[in-house]
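These notes are about the structure you will find just below.
The numbers here are math on the coordinates, done by the rules we state, and not lab data. Small disclaimer: the values here were computed from a predicted structure and weren't measured. FYI the Cβ positions are ideal-geometry reconstructions off the backbone, even for glycines, and counts take in every protein chain you see.
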Amino acid sequence: MATCWTTLYYDAGMWIANIGMGVLFAIGAMVQWNDPDPLGWILVYMAAAIACGTFRRFSWAWLLALVTAIVAISWGAWIVADMPRWVTPSQMFEPMQSRGGAVELAREAWGLGIIALWMLLLVWAGRKEVSVDDAAL
């Protein structure tokens with residue numbers, strides 16, 4: 001099978017972006033130690049980091065990414081449903097000490113949204129790769 005330059009560029013770009021996201025998710029897990037409810041956050045961020053690290057290395061990696069995405073979407077929807085009010089984008093970047101309540105919930109929901117989007121991208125990319133390999137057989 002011939003490899004074109006665009007495929008190599010895409011694979012290299014995806015590899016670099018995935019490593020970067022995996023590192024960010026691992027850092028996200030580490031900073032949760034001082035959170036009032038750290039266990040759930042550490043688990044979801046570490047699951048995302050592990051999914052990034054196992055992507056294209058193990059046949060089950062897409063399944064971990066899918067489960068992590070489902071958990072993040074469900075948890076994020078639950079948080080959004082509980083929000084007392086909507087916040088503006090500018091409020092999301094204000095210092096944490098001056099905000100709480102809805103702003104904190106919005107930040108948590110956005111974090112889960114980022115996890116879910118990246119995990120779904122991994123599921124899609126992994127599915128695409130499997131379907132191309134299966135078609136070659």
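Points worth noting:
- Phi-based couplings in Hz for segment 36-51 (Karplus 6.51, -1.76, 1.60; Gly and Pro marked x): x, 10, x, 4, x, 5, 4, 5, 6, 5, 5, 4, 5, 5, 5, 4
- Sum of side-chain charges, Pro36 neighbourhood, beta-carbon under 12 Å (Lys, Arg +1; Asp, Glu -1): -4
- The ellipsoid equivalent to the alpha-carbon distribution of segment 16-130 has semi-axes of 27, 14, 12 angstrom, derived from the gyration tensor eigenvalues as √(5λ) and listed largest first.
- Here the label points at Ala12 and Ala102, each 7 Å from Cα along the C-beta direction, are separated by 4.7 nm in the simple model.
- Shown is the FRET efficiency for Trp78 and Asn34, computed with R0 = 22 Å from the Cβ-Cβ distance and rounded to the nearest 0.05: 0.45.
- Projected label distance in nm at Ser59 and Val23, using a 7 Å step from Cα toward the beta-carbon: 3.2 nm
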